[in-house]
Amino acid sequence: MCRHIAVLGPTAPLGESLVEPPYSLLRQSWAPRHMRHGTVNADGFGVGWYAPGDPLPARYRRAGPIWGDESFADLARVVRTRALLAAVRDATLAGADAEAAAAPFAAGRWLFSHNGALAGWPGSAAPLAALLPPGALLRLAARCDSAFVWALVEQRLLRGETLGRALAGAVTTLAQAAPGSRLNLLLTNGAAVAATAWGDSLWYLAGTGRGRTVVASEPYDDDSRWAEVPDRTLLRADRTGVTLSPLAPQSSRSPRLPLKEPVL
Ligand code: GLN
């Protein structure tokens, strides 16, 4: 499993969230405290951020562990932003796609990460493939389950769905098509964040009086205001706060098709 984090706040260096805290994403890459599957996150990493005056985010991704990248250490110190999304990867399956398989995945203003695994992947791909138009399948960013999940979310965003609705719809669809999948998703457009807790840990830190909202797989420090998100929950956040809503429970009798979605 991976660890991921999104931060909305006042302008600050990347490293203030990703490197400096005692249990930062950097440290979570070799010593996560709440990860329910896997051990270390050494199969790549990525950070996406929004620069002043440009609505499209920049990304820096690499195929190796975050702790061995001196260029990242430099960037984290000097690049300042009001919004970021970053992840460290523990690959579900070995693959040759290197940094292309490292989150954040991106399109337009959106940055996305998946902490989890599609059950049965890639054997489960046959029923899943029918969920995407052929063009989207051919344009997958990488040959890993998370790139497929992103393509499904992206389709929904391109249809005009809100961040929260796109994630909730994708989780519902994927949980029906590949039961047993773990689907902690994280999405931002630079102004708002949506996330799902579906099989792994998810926490948030808000209301600290700094106009800062953090959504992360696990707390990066011992601040007592970190709150854990219950499993099977959709989180929606902006700089002013966080809203949680339950995702539809999966009934064992629910039909695989047509796919039901919660109205969110
Ligand atoms: N399924 C993801 C991948 O292979 C890994 C996500 C995770 O949580 N480890 O990239």
- Full extension between Asp238 and Asp221 adds, at 0.36 nm per residue less the Cα distance, a length in nm of 4.0 nm
- Considering the chain as a Gaussian network with a 10 Å cut-off on Cα pairs, which listed residue, Val88, Val171, Val242, attains the greatest mean-square fluctuation? Val242
- To the nearest 500 deg cm²/dmol, what mean residue ellipticity at 222 nm is calculated for the chain from DSSP H runs of n ≥ 4 alone, each contributing -39,500 (n - 2.57), summed and divided by the residues? -6000 deg cm²/dmol
- Inter-centroid distance (Cα atoms) of segment 1-36 relative to segment 172-208, Å: 16
- Message: So with the 1.4 Å probe, I'd like the accessible area per residue for the chain, rounded to whole Å².
- Response: 42
- Query: At a Förster distance of 35 Å, what's the computed FRET efficiency of Arg210 paired with Ala96, Cβ-Cβ distance as r, to 0.05?
  - Reply: 0.25
- Fluctuation leader among Ala142, Ala195, Ala126 - the chain, Gaussian network, Cα springs under 10 angstrom: Ala126
- Query: Rounded, prolate or oblate: which fits segment 49-175 when a ≥ b ≥ c are the square roots of the eigenvalues of the alpha-carbon gyration tensor, with rounded for a/c under 1.5 and prolate only if a/b beats b/c?
  - Reply: oblate
- Message: If you consider only alpha-carbon coordinates, what radius of gyration and Dmax does segment 78-119 have, in Å?
- Response: 12.3, 40
- Query: When the scattering of the chain is computed by the Debye formula from its Cα atoms alone, each counted once and equally, what is log10 I(q)/I(0) at q = 0.09 Å⁻¹?
  - Reply: -0.35
- Query: Tell me, what HN-Hα J-couplings in whole Hz come from the Karplus equation 6.51 cos²θ - 1.76 cosθ + 1.60 at θ = phi - 60° for each residue of segment 135-151, using x for Gly and Pro?
  - Reply: x, 5, 4, 5, 9, 3, 5, 7, 9, 10, 4, 5, 5, 5, 4, 4, 4
- Query: When the accessible area of segment 28-89 is split by element with a 1.4 Å probe, what percent falls to carbon and sulfur?
  - Reply: 52
- Specify the angular offset, from 0 to 90 degrees and rounded to the nearest 10, of the alpha carbon long axis of helix 163-177 from the longest principal axis of the alpha carbons in the chain. 50
- Message: Could you tell me the extents of segment 101-172's C-alpha atoms along the three principal axes, largest first, rounded to whole Å?
- Response: 30, 24, 22
- Note on the structure: In terms of the alpha carbon gyration tensor, root eigenvalues a ≥ b ≥ c, rounded if a/c is under 1.5 and otherwise prolate when a/b exceeds b/c or oblate, segment 106-145 is oblate
- Item | segment 125-195: relative contact order in percent, alpha carbon pairs under 8 Å with at least 6 residues between | 25
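The values are calculated or read from the model by the stated rules, or taken from the named source; none is laboratory data. Worth saying up front: this structure is predicted, and the values here are computed from it rather than measured. In this analysis, Cβ positions are derived from the backbone assuming ideal geometry, glycine residues included, and neighbour counts consider all displayed protein chains. We work out accessible area using only protein heavy atoms, side chains counted, and drop any ligands, DNA or RNA first. Shrake-Rupley method; radii C 1.70, N 1.55, O 1.52, S 1.80 Å.
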